[in-house]
Amino acid sequence: MSASPEVARVALVGNPNCGKTALFNRLTGSRQKVANYAGVTVERKEGRVRTPLGRTLAVLDLPGAYSLHAASLDEAVTRDVVRGFYPGEPAPDLLVCVVDATNLRLHLRFVLELRELGRPMLVALNMMDAARRRGIAIDVEALERELGVPVVETVAVRHDGVHALLAQLEAIGDPTQQPRRRLPEGADPHAEVRRLLALAVRMPRRTAAIDDALDRWLLHPVIGLLVLALVMFLIFQAVYAWATPLMDAIEAGTAWLGAAVGAHLPDGPLRGLLVDGVIAGAGGVIVFLPQILILFAFILALEESGYLPRAAFLLDRGMAAAGLSGRSFIPLLSSFACAVPGIMSTRTIQDPRDRLATILVAPLMTCSARLPVYALLIGAFIPARSVAGFNLQGLVLFALYMAGILSALAMAWLMKRWRRDGREHALLLELPSYRLPHPRDLLIGLWERALIFLKRVGGIILALTILLWFLLNVPSGVPIEDTLAGRIGRWLAVVFAPLGFDWRISIALIPTMAAREVMVSSLATVYAVAAGSDEATERALEPLIAHDWSLATGIALLVWFVYAPHCISTLATIRRETHSWRQTAFAAGYLFLLAYVMAWLAYRIALALGAG
């Protein structure tokens, strides 16, 4: 059903790279909510905006789409929402089609397609500042007349860049907002785009001079790869170098909170639950939030700058050697954040063999949930010193990420080797103009991801930590080895003993099937309960495990998490995307086997080198 006149619904829709999300951020600011569409993992963003005359509007940022003939789940969601067919989602009262003013040749095709729906709409010519810098002249009145819908200029990165759009939004519901033109039956939309460009747009050159200059270096087959490797290397150095002061502050705050709560509660189950379970467990994960946000900041900046599609193009030839295409790069890169959206984004890969191979190797990419575990183990076993001017801990983290990437490529090559049919699948990508990421958009993106991470800490991680604390305290009054958790851990230790894992590590591995970062909170809870005091909250967990474990065990556990069987949500996503329990079981099985074998090799080699 349609929204009430007091709160009209406005849907922002457009091609990827049109600046639509930046425009959404400018309109709504912090007044936005992020969730998922019902039944899928596609992100849903909605916010509120007040027009100059005081009208409140609900603004929906729809996933980027090139066409209403959906080739991906994102495009299918956008298609169904704009048509008013999406279950539980009211039809928008107005479509705002956002287009890149520097690339109308591509974006106008989607405008024509949306216009055919016959719904109220207007066109937002975004990035008009960049268009003027390039000498592009657009006759807005002529374009508006020919399209038959309002056309307004916007500059999403400027505070005053949305005034014209807000003025137009005041007129929602006005019959003049209805599209008045449609293409004749059988007309060629490409020919119509050419006609509109000839009539209303004057462009000195098709690409920007600065883009051509940068691409000569960044797309060079040798220099470009070296630059990409350098960028990735610097990211992982920064994860350690920049995050340390913030992590120290969070760790000190967690220790103070645990001591303060413990001082005001008598000895007993409640004190143990709050201090050893909740504070020690959740605090042991929150401390890694700065590192996760630094990693996300770089990924968001690279995405906003227009560099990521170029990296995909650059890596196409190398990935072809592994049986993949450059189109797999962005899903695999997305898996650095989480394998679930990475696997979902494989729907843009047309070749079903490439898509399946990408789905099955995406969990090998080092997701952000592994980062807290890596940080804990590296901090405990790798000294914080410089090697050739670089942070040694950052070098080890870079090596772990590279191990995941190279292993993913090797597994993709093996999976596709016996199914290769000799056909070549050309890579077609839009290379957007380079642009400086806007700090406002980066901060909003980081805030959203911080909230998602903290909700996980406050939800599933906290629940599992409390459950583990319960298992470690039942029956009460017995040594920790004789509790329910201790017995389960001793049974599992028989399986994991060849890897150097004791019962405490074994029991902490169980909750990681729900969320990998729970490993840290589980170890914090185990050591806090084992100490029988506040010791684990008052001291860092790193020196505790460094004292109790051998270096060989620490290395084996690091290697285990490079290949660790993925979380249940990832397995569920693989099942939903492949529609095959067989492929899901294969993914879980090969990852467990790979993790076990590689961790065993690492442990044995470390022992042979004297790290026992």
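The values are calculated or read from the model by the stated rules, or taken from the named source; none is laboratory data. Bear in mind the structure is a predicted one, so any value in this text is a computation, not a measurement. Reconstructed Cβ throughout: ideal geometry from the backbone, glycine too, with neighbour counts over all protein chains shown.
Descriptive notes on the structure:
- Near pairs, Cβ below 6 angstrom, 6+ apart or cross-chain, from the range 578-607 (touching a residue at least 60 places away in the same chain (Cβ under 8 Å)) to any residue that is crowded, with 17+ Cβ neighbours inside 10 Å and β-branched (Val, Ile, Thr): Ala587/Ile574; Ala599/Val559
- Residues within the range 57-86 that are touching a Pro at 6+ places or on another chain (Cβ under 6 Å) and assigned to a helix (DSSP H, G or I), tallied: 3
- All helices (runs of 4 or more DSSP H) inside the range 197-296 with 2 or more residues being of a type outside the set (D, E, K, R), farther than 30 Å from Pro309 by Cβ and touching a helix residue (DSSP H, G or I) at 6+ places or on another chain (Cβ under 9 Å): 244-263, 280-286
- Failed item, numbered, when Gln393 is tested on (1) touching a residue at least 60 places away in the same chain (Cβ under 8 Å); (2) surrounded by fewer than 17 Cβ atoms within 10 Å (Cβ to Cβ); (3) in contact with a helix residue (DSSP H, G or I) (Cβ under 7 Å, 6 or more places away or on another chain): (2)
Results for (1) closer than 17 Å to Tyr563 by Cα; (2) surrounded by 21 or more Cβ atoms within 10 Å (Cβ to Cβ), shown as yes or no for each residue.
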site: Ala321; (1), (2): no, no
site: Arg327; (1), (2): no, yes
site: Pro352; (1), (2): no, no
site: Thr358; (1), (2): yes, yes
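- Exactly one residue out of Leu467, Leu446, Leu451, Leu414 is surrounded by fewer than 18 Cβ atoms within 10 Å (Cβ to Cβ), closer than 21 Å to Met513 by Cα and at pLDDT 70 or above, and it is Leu467.
- Verdict on Glu251 being acidic (Asp, Glu) and at pLDDT 80 or above: no
- Positions within the range 584-596 being closer than 18 Å to Met365 by Cα and of a type outside the set (Phe, Trp, Tyr), in sequence order: Thr584, Ala587, Ala588, Gly589, Leu591, Leu593, Leu594, Ala595
- Scope the range 246-268; condition surrounded by fewer than 12 Cβ atoms within 10 Å (Cβ to Cβ) and more than 26 Å from Leu289 (Cα to Cα); matching residues: Ala263, His264, Pro266, Asp267, Gly268
- If you go through the range 297-332 and keep only what is of a type in the set (Ser, Thr, Tyr) and in a helix (DSSP H, G or I), you end up with Ser305, Tyr307, Ser328.
- Count of residues meeting criterion [surrounded by 14 or more Cβ atoms within 10 Å (Cβ to Cβ) and either farther than 10 Å from Arg504 by Cβ or in contact with a Gly (Cβ under 8 Å, 6 or more places away or on another chain) (or both)] in the range 475-486: 3
- The combined condition, being modelled with pLDDT of 75 or more, among the β-branched types (Val, Ile, Thr) and more than 17 Å from the chain's Cα centre (by Cα), is not fulfilled by Ile343.
- Qualifying residue in the range 58-72 (condition: within 21 Å of the chain's Cα centre (by Cα), surrounded by fewer than 20 Cβ atoms within 10 Å (Cβ to Cβ), under 22 Å from Thr346 (Cα atoms) and hydrophobic (A, V, I, L, M, F, W, C)): yes
- Residue check, Ala3 crowded, with 16+ Cβ neighbours inside 10 Å, at pLDDT below 90 and under 29 Å from Thr573 (Cβ atoms): no
- Failed item, numbered, when Phe24 is tested on (1) among the hydrophobic types (A, V, I, L, M, F, W, C); (2) modelled with pLDDT of 90 or more; (3) touching a helix residue (DSSP H, G or I) at 6+ places or on another chain (Cβ under 7 Å): (3)
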